Structures are given as C-alpha cells and as structure tokens.
Amino acid sequence: MDMAINQTDFSFIPEREKSIRTKGQQMQAIQCQADSVAGCVSQRACVYCGARVVLNPITDAVHLVHGPIGCASYTWDIRGSLSSGADLYRHSFSTDLREEDIIFGGERKLMRCIDELAERYHPPVMLVYSTCIVGVIGDDLEAVCRLASKRHRIKVIPVQSSGFSGNKSDGYRIACEVLLRMIASQERILYQPFHLNYLGDYNLAGEAWIICGYLQEIGINVNVAFTGDSRCESLLTAPGAALNIVQCAGSMGYLAKRMEEIYGIPFLNVSFLGLEDTMQSLRRIADFFANPYIIKRCEALIERELAQYGPIVKQYRQHLKGKKAAVFVGGGFKAISLIKQFRELGMEVVMVGTQTGRQEEYDAISQLVAEGTVILDDANPSELERFMLEQGADLLVGGVKERPLAYKLGLSFIDHNHERKHPLSGFTGAANFAREVEQTVCSPVWKYLDGPIHTGRINP
Amino acid sequence: MWDYTPPEIIPRNGIVINPAKTCQPIGAMYAALGVHRCLPHSHGSQGCCSYHRMHLSRHFRDPIAASTSSFTEGAAVFGGGANLKTALKNVFAIYNPDIIAVHTTCLSETIGDDIQVYINQAQVPPGKAVIYANTPSYVGSHVTGFSNMVKGMVKGLSVNNNHPNGKVNIIPGFVNPGDMREIKRMLKAMEVRFIMFPDTSGVLDAPLTGKYEMYPAGGTKIEELIDAGNSTVTLALGSFASEDAAQELRKKAKVRPLILRNPIGIRATDNFLMAVSRATGQEISAELEEERGQVIDVMVDLHDQYQDKKVAVFGDPDIVIALTSFLLELGMVPNYVLTGTPSEAFAKEVEQMLDEAGIKGRVKAGGDLFTLHQWIKEAPVDLLMGTSYGKYIAKAENIPLVRVGFPILDRGVHSYLPIVGYKGALRLIEMISNALLDKQDREAADEDFELIL
C-alpha cells in the first residue's frame, strides 16, 4: 500500500494517526477495525445498532428490544426500508426495563412481554434484542426465547447484541447468525438452478425492488432479499438458491460465506451503484448462469436502460465536471462504488473514509483514488472538517450526523444512508443520484454565504 | 398501516408499544449543550452517544458534538474508571472545551461506576471544570436526565460567596433554543438582570458562517453558573425539568426557589412575568403589554375556528401541562392528555385542570402512543398535538397534527421559533387554526368551499 501519514501539522489524538493516510506517501497500512479511542467524538455506533439495522427490515417480525426504553426509541422506524405488505416492523416494542427489573432481573418481564405480543399480533417470528444492560444483569435470553417458542409455537430468536460487546460490525455478524437460524429448516431443500438470493440490500426507498425487477426481467428469480422487504416465510426459501449476490459486503459478507459453507451456495460481490457498476454486476450475474437466453436478455436490458438513463447522467455531468467530493460512509464497499460513481459524474473524490471499512477495502480504495487523496478510518468531526476544507471538497456524502457538519461549512451534502429520499440503485438510481448531487452542489443557496451583510455574527 | 391497534382497551402488563419518551442520557446531553464551551460526555457504550447525537441532530438540524467512554467488554467487567480518565484527558487535550459534563448510562450505572471518584482521580487541567450527573436510563425519562444534568451544574459549580448579585436565575426547562431566546427577550424588555441556564440558544440555532464551531458562541458561561449561587431567586419553569436544580440551589446556596409552569399561553405567561416583576421590582414593559393585547385580539378574531374542538395532547410533562392549560384558555377540549414520563403528580395536575373546566378526559403518565391511539379509535378528536411520532396516528385517523415538543424529526424551523411567551401563544394559535382550516378546505365539498374563513 502506498499510503502514509500526512506529516504536516498534526493536531490530533496521537492514536488516530495510524488511521489516517494520504495516498502517494510512505508505505504503511491504515489502521482500521480497531476500537475507538476513549474520549473521541466518534461517528460510530454499537453492536445493537449493527444488529438492528440488518434485521429491522424483516417486515412481519416483532422486533422486541429488551432493555431500558432508549434503544427502542432511537431505532423506531428510522431505517427507511420499504415493505410491500406487512408493517409490524415499523412499530417500536420495548420491555422498558425499570429499576426494579435491574435489581431483580428482567426475565419475567420479558416473558410477559413476549406472551402479550404473541397473543396480540401472532407474528411468525419474534426477534428479541439484548441491550447493554441485559448482558450485565445476566438475563438468560436464550432460555426465555426457547420457552416462548414452545409456548407460542412461533420462532422466538434471541439477538445477543449487548452494545458494549464489540462495535457495529460485530452487530452485523450477530444479525447474520440470527438470519442463519431463521433460514434453517427441517424440510428438504429443493435446488432451484435459476434462483438467487440478494444479500445486503435493505430496500431503502425501494431499491431492492428495482434490482429484483432487473433480475426478473432477464430470467432470474430472486428468492429473497436480505433483508429488504423480507418476511419470515420468504427467508425460508433462501437455501434453495443457486447463487448469492452481495451488495453491502460489510454487513452481509459473513452471511454469504456461511451460506457457502452450509448450503454450498457460491456468492458474487456486486454493486448496483452507478451505471458502470450496475452494468458490470448484471453481466457477471448473467455470466454465472451461463445461459444464452439470460445473457441475451441481460444485454437487451442494459442497452435499453443505458439509452434511457445514460443521457440524463451525462447532462448532469456537464454541470458537475471538476467538482470535488468527500465521502464518509459506513462500509468500505459502498465507498469504493461511490468513488467510481463520482468519476461517472466527472467528479474526483478527494477524501474518503468509513466507519467500519476492512483492510482489503482500504487497499482497493487506495488503488482507485488519485494521488493526494486523504483516506481515513473512524473519523471524528474535526478530522472530517479539516480534510474537507484542506482538500477543497464541494460536497460530502454521509449519514445523519455528517449532514449538519457539511452544511455548517457551507458544503453541499448527499445522504447515502437511512435518510436517502430517492432510490440510488440501478440505472434509475444512478440518474437520481446525479440529480441529487447536481441539485445540492448547484443550489442557489450557496450564493448567500457571502454578501454585503455578514452571515451570522453570533450574538447570544 | 396501524391497523393493528384495536379500539378496545386491553390491559397490558409491561410491554411498551410505540413509546412517548426516551432515556435519561439524551436529556442530560441536551442540557449540557446549553453551557458555553461544554462538551457533553457519555459514559457508556459508543452506541448511546451515537444515538443521542443522531436524534438531537435530527431535531435541531445542527451538528451535535459529544464524546464517549467507548465501553468494551473489559470496561463492563472491570469498571469504566480507566475509560473515563483516559477520555477526560483526551477530550481536554484534543477538543479543548472549558468544561466537560459527564452523564452516565444504564451500563455504567449498573456496573456501579462512581463518577465522582473517577473525576477526582482524573487530571483536569487548571482552569477547566468537570461536572456530572447520574442518569440511569431505567429511571424516569429524557426529561429526568435533563433535570439531573441541570442539577449537576448547580451541584458542581454554583456557590454563594456572600456577594449578592441582584440577579434572577431562570431555568427554562426542556425547551427549544427559540423558546430560550424568547424568554431572554422578555426579560431584557423588562430590563431584568438574570442568569439563565441551560441556554442552548446560540448553540443549537447558531447561524451558518461557513465555519464549523465545535463550541458556538452561545450557552451559559461557567462564571454565571458559579454566580447563580448569589442570585436573589430562582424561577424554575416546569417542575419536571427544572425544580430539582432550583431546590439544589436553595439547599446549597440559599437561593429562594419559585416553581412555575412553562410560560405557554396567556395565563402562564402572565404569571411568569408577574413573578419576575415581583422578584425584581421591574415593571412589565409596555412592549410586552402590547404583545399580550395582540394575542387577545387574535383570540377574539379567531375563537370560532377552534373553540370546542377536541384535542389529544402528548409529549413531555411540563410542556403538556402548560399546553393543556393554554388549550383550555382557548376554549378547546383537551380530552386526551398523555406523557411517556412516569409520574403521579402529572395526572393529578392535569385532572384538576380538566375537572375545573368540566371536561371528562383521559389522562395518563407513563403511557405510550399505542394507548393514545386506542383512545382516539374509541372516540375521535379533531386535532392531535405532540411530537413527530404522532404522525402515524394522524395519518391513520386523518387528524391534523400540530407539531410541538421533542423530538420533531420531519419538519424544520420549529426549534428557532418560540411556543413560550405571548409571541409563542400567537404562533400556537396560528398553527392550531391553520391545521384545522387546512383540513376543512382540503375536504370541503365544492359547494361548501369558501374563500373567506
């Protein structure tokens, strides 16, 4: 790896130096997947958060959060994953542990809550999330869930996601284990040669529907998307598929590997962000099935979609050419796709960071970006600020915590996280993305930052 | 959506469905942001801090800075002392705040971390301060956390050094920066010398300058928090969010506490201004009298648009109590009143107000939005007032929603504008009557559709 610490003027936590690199300087690997430094204003979250975001889109499940109220409140319907029917997942259920539960244990209250929910909603599955405190007071979640499963004849599955037991990535892995439990079945698995599972798409703004539509059209059936718009029953069809395709490898790479081991299902890492990656991914999928009919349909679809959306992207490119983007997203895989997608728009990525990127992803990123690009892991707001300004970024791509930071700096912003408003996947998504970027980068609002009257001398 | 809610009330035994509250630490974080150059510090797992910052970011649409002890398994087993001490050292070295306000989480509370001891052992640079509050998530709600942190400010800083400053302390309660600004404006209009804490105006409604200020210019200064011990009187607005700190000031510094409702509506604003006037000898200014007259004028102009309409109100106890009182002043019928915060006093106070108005309503503390929805299914209302979480019920039952309180996640500007004071009353009347009339216009048959209303 040809990255090194930017030696100039380092006013940061010394421990953080290893997590920041500038391409084109010494050979040294970036430090990532490490715990955050205590006292950091980290943009990262916890194990529960990781597990919850992966599992939450299962639409007909009761998602019961076992703990004090906060963990349920902050995750009530925040994912923006759409459902084609069931909407139980958009409710917030909590055992709302109180002081006496902390002292005497929360198992009995949990059991009561499960009973009430099972009787009221008759869900096919109930996912019971443990939070920090459950790990400490020692409630036996596994035992309660086993008993409840028997009593109500439904799947009651514990999600061992105590917040402190790791970071968000550990939460992803725990969620994948839960999914493996959910798809396990006593029934014989029927092998379906032209079926696949779509892993790592949470159907934000209906994105999984777009991709499933493409695949359907070229003659490939999607058994289930993990976990966007999935249901307990549709998840059970997963083991029969001939292939797993993985969009968000950060959250679902583990599941793909495990399913390969258990069910012998091979997997392909794909990306449907941007015209180029979408096209490539579809071709790779078609090639996998090596069926002339599928390949022909695939090419026809690509041709049609490119004809429709290519010119739109091109048109926005004219306004965006030469602008500079900064990227700070959850996983490394998305960052890689975004770098390529900005290139389609004629934009260069000058700073790129992730919350939970892995070593091999950082390697790929550094291969991809231009000399001088700053690469950083688990950044804090001051670092983001400094590098965005130093690198002269016009735009930041990030999540909810980064938005106001970008705005305060007078930079435009795109939410590529839970709060995206339009689907950003596939050909149509590439056009949406281009439009969103153009809308914010070229907004008239930036003109008013400078004017005859000061913008915001602060007068408390 | 929301077809799951049956109208008949089934007794529930523990499960909370669609909460109307959240946990203590976020309230503590919000309060701490109202101290000048203060960095709130969350002593717990990373997730807590992340969630609170995210939630506050969504409500205020501004950056929220806060640090965390980043608990791991080790900390959960051996205690969080090492994490906190490292964190305090790092935070002062890197982020250079004047003061750190530590709050606990359910995790650090349960493993029994003694924050005071850890702070004593930590290296705090000279001239810097560390205050703290115990905010176990399994007690009370976010409002309790706010209250505890404000009390923590008094405990940690306020001193009576026998130099009376002739000032009034104002604790504004868990309200928006727009409200805090308005309270200050009213006090300035009366030429009253005051110390307000916490004060998030100029912090969470700071202007865009093209520079990111981790510590914007606003917030109560440390010197002021110390000097609060020398003030004449403390006006605590809202007993849930503000009384504890006022009582602590009485205990610690013999400052007389005066507990009032949040100044929402005519009577509560009258009471607030008169209390200020009595405490300071300052007259209520002509400017404020004029504003009061304007509100009355508007109430006369518009009373037929909203009078006798039924309203369901939910949110934080102080705000809901004050709002209920204002709705009664408007001749409206707040027949469902609910807060998520557990409390016995809440129901008593609201029931008494409803009784006096001859309204048979349902009142509940420690409730959730599933219950509120059930009430509404049983007998509908004309208007819903509360946080963004009310929008599900509003959509399912086709009831207009007036957004007040915390959090509001789906609309902007609200945090800049007041609901307190006469100006706030004017704004509330506008929101209420517009919401009702917009629905009327939208749904009117062609022959009933009118230009002039």
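With labels modelled as points extended 7 Å from the Cα through the Cβ direction, what inter-label distance (nm, one decimal) is found for A:Lys421 paired with B:Glu356?
Label-label distance for A:Lys421 and B:Glu356, simple model: 4.5 nm.
Treating cross-link reach as a plain straight distance, find the lysines whose alpha-carbon is under 18 Å from the alpha-carbon of B:Lys309, omitting any fewer than eight places away in the same chain.
Partners within reach: B:Lys360, B:Lys377, B:Lys439.
For each pair in B:Lys21/B:Lys348; A:Lys334/A:Lys421; A:Lys321/A:Lys408; A:Lys23/A:Lys314; A:Lys408/A:Lys447; A:Lys155/B:Lys395, compute the distance between the two Cα atoms and list the pairs where it is over 22 Å.
A:Lys321/A:Lys408; A:Lys23/A:Lys314; A:Lys155/B:Lys395
Measure out, as a whole number of angstrom, how far apart the alpha-carbon centroids of the range B:138-205 and the range A:39-77 sit.
Cα centroid of the range B:138-205 versus Cα centroid of the range A:39-77: 33 Å apart.
State the dimensionless ratio Rg/Rh of the range A:47-183 (Rg: radius of gyration of Cα atoms; Rh: Kirkwood radius).
Reported Rg/Rh (Cα atoms, Kirkwood Rh): 0.93.
Going toward the positive end of the dipole of the range B:168-287, with +1 on Lys and Arg Cβ and -1 on Asp and Glu Cβ, which of B:Thr234, B:Val255, B:Met180 do you reach last?
Looking along the dipole axis, the top candidate is B:Val255.
Expressed as a rounded percentage, what relative contact order does chain A have, with Cα pairs under 8 Å and six or more residues apart?
So the answer I get is 16 percent.
Mind running the shape call on the range B:77-119? Use the C-alpha gyration tensor, a ≥ b ≥ c as the square roots of the eigenvalues: rounded below 1.5 for a/c, prolate if a/b tops b/c, oblate otherwise.
prolate
With a cut-off of at most 14 other beta carbons within 10 Å, and DSSP calling the residue loop, which trypsin sites (Lys or Arg not before Pro) in the range B:393-430 qualify? Please list them.
Loop-located and lightly packed - B:Arg411.
Within chain A, which is the longest segment that contains none of the trypsin sites (Lys or Arg not before Pro) sitting in a DSSP loop with at most 14 other Cβ atoms within 10 Å?
Longest site-free region, per DSSP loop and neighbour criteria: A:1-152.
Mind checking the full-extension length gain between A:Phe288 and A:Lys150? Use 0.36 nm per residue of separation minus the Cα-Cα distance, one decimal, nm.
Net length gain for the segment: 45.5 nm.
By how many nm would the segment from A:Lys321 to A:Ile189 lengthen if fully extended, with 0.36 nm per residue of separation less the alpha-carbon distance?
42.4 nm
Please report Rg over Rh for chain A, where both radii come from the alpha carbon positions and Rh follows the Kirkwood definition.
Rg/Rh for chain A comes to 0.99.
Once label points are set 7 Å from the Cα along Cα→Cβ at both A:Glu390 and B:Glu378, what is their separation, rounded to one decimal in nm?
6.3 nm
To the nearest 20 debye, what is the magnitude of the charge dipole of the protein assembly as shown about its Cα centre, counting +1 on the Cβ of each Lys and Arg and -1 on the Cβ of each Asp and Glu?
Value, rounded to 20: 1400 debye.
Need the C-alpha centroid separation for the range A:172-231 versus the range B:405-431, integer Å.
Distance between centres, Cα-based: 44 Å.
Under the Karplus relation 6.51 cos²θ - 1.76 cosθ + 1.60, θ = phi - 60°, what is the ordered set of whole-Hz ³J(HN,Hα) values for the range B:427-438, x standing for Gly and Pro?
For the range B:427-438, the Karplus curve yields 5, 5, 4, 4, 5, 5, 6, 4, 4, 5, 6, 4 Hz.
Using only the alpha carbons of the range B:24-157, what is the convex hull's orientation-averaged projected area in square nanometres?
Its Cα hull, projected and averaged over all orientations, spans 7.3 nm².
Roughly how far apart, in whole Å, are the Cα centres of the range B:241-297 and the range B:111-135?
One Cα centre to the other: 34 Å.
Whole-Hz ³J(HN,Hα) for each residue in the range A:285-297, computed from phi via Karplus 6.51 cos²θ - 1.76 cosθ + 1.60 with θ = phi - 60°, x for glycine and proline: what do you get?
Ordered by residue, 3J(HN,Hα) equals 5, 4, 4, 4, 7, 6, 10, x, 4, 5, 4, 5, 4 Hz.
Specify which residue in the list B:Asn90, B:Gly112, A:Ala300 is farthest towards the positive end of the charge dipole of the protein assembly as shown, using unit charges on the beta carbon of Lys, Arg (+1) and Asp, Glu (-1), about the Cα centre.
Farthest along the dipole direction, towards plus: B:Asn90.
Would you compute, from DSSP H runs of 4+ residues alone, the mean residue ellipticity of chain A at 222 nm, taking -39500 (n - 2.57) per run and dividing by the full residue count, rounded to the nearest 500?
-13000 deg cm²/dmol
Just need log10 I(q)/I(0) for the range B:71-227 at q = 0.13, 0.14, 0.20 Å⁻¹, Debye formula, equal scatterers on the alpha-carbon atoms, no solvent, rounded to two decimals.
So the normalised log intensities work out to -0.74, -0.85, -1.40.
Please quote Rg/Rh for the range A:327-382 to two decimal places, taking the Kirkwood radius as Rh and restricting both calculations to Cα atoms.
Across the range A:327-382, the Cα-based Rg/Rh ratio is 0.93.
For chain B, with equal point scatterers placed on the C-alpha atoms only and solvent neglected, what are the log10 I(q)/I(0) values from the Debye formula at q = 0.07, 0.11 1/Å, to two decimals?
Values, matching the q order: -0.36, -0.87.
Suppose each label sits 7 Å from its Cα in the direction of the beta carbon; what would the A:Leu268-B:Asp308 distance come out to in nanometres?
Taking the two extended label points, one gets 6.9 nm.
Please report Rg (one decimal) and Dmax (integer) in Å for the Cα set of the protein assembly as shown.
My reading of the Cα-based Rg and Dmax gives 28.0, 92 Å.
Counting other Cβ atoms within 10 Å, keep those with at most 13, restrict to DSSP loop, and tell me which GluC sites (Glu not before Pro) in the range B:230-299 are left.
B:Glu283
Once the principal axes of the Cα atoms of the range B:168-287 are found, what is the range along each, listed largest first in whole angstroms?
44, 36, 25
Out of every Cα-Cα pair in the range A:237-377, what percent are more than 23 Å apart?
Result for the distance tail: 45 percent.
Summing +1 for each Lys or Arg and -1 for each Asp or Glu, what net charge is found among the other residues whose Cβ lies under 15 Å from the Cβ of A:Arg112?
Overall, the nearby charge balance is -2.
Hey, got the Cα dimensions of the range B:391-435 along the principal axes, in Å, largest first?
Principal-axis extents of the Cα atoms in the range B:391-435, largest first: 33, 22, 13 Å.
Need one number: % antiparallel among DSSP beta bridges in the protein assembly as shown, to the nearest 5.
Among the beta bridges of the protein assembly as shown, antiparallel pairing accounts for roughly 10 percent.
Among all the lysines, which ones have a C-alpha under 20 Å from B:Lys155's C-alpha, if same-chain residues fewer than 8 places away are not counted?
Result set, ordered by chain and number: B:Lys128, B:Lys167, B:Lys221, B:Lys251, B:Lys252, B:Lys254.
State to the nearest 20 debye the size of the charge dipole of chain A about its Cα centre, where the only charges are +1 on K and R beta carbons and -1 on D and E beta carbons.
600 debye
Quick one: dipole size for the range A:47-183, taken about the Cα centre, charges +1 on Lys/Arg Cβ and -1 on Asp/Glu Cβ, in debye to the nearest 20.
380 debye
What chymotrypsin sites (Phe, Trp or Tyr not before Pro) does the range A:168-226 have in DSSP loop regions with at most 16 other beta carbons within 10 Å?
Those satisfying the criteria are A:Tyr191.
At R0 = 25 Å, how high is the FRET efficiency between A:Glu17 and B:Gln116 if r is their beta carbon distance? Nearest 0.05 is fine.
Plugging the Cβ-Cβ distance into 1/(1 + (r/R0)^6) gives 0.15.
Taken together, the values in this text are just the output of simple stated rules run on the coordinates, not laboratory data. Everything numeric in this text was worked out from a predicted model, so none of it was measured. Methodologically, a virtual Cβ is constructed for each residue, glycine included, from the backbone with ideal geometry; neighbour enumeration extends over all protein chains shown.
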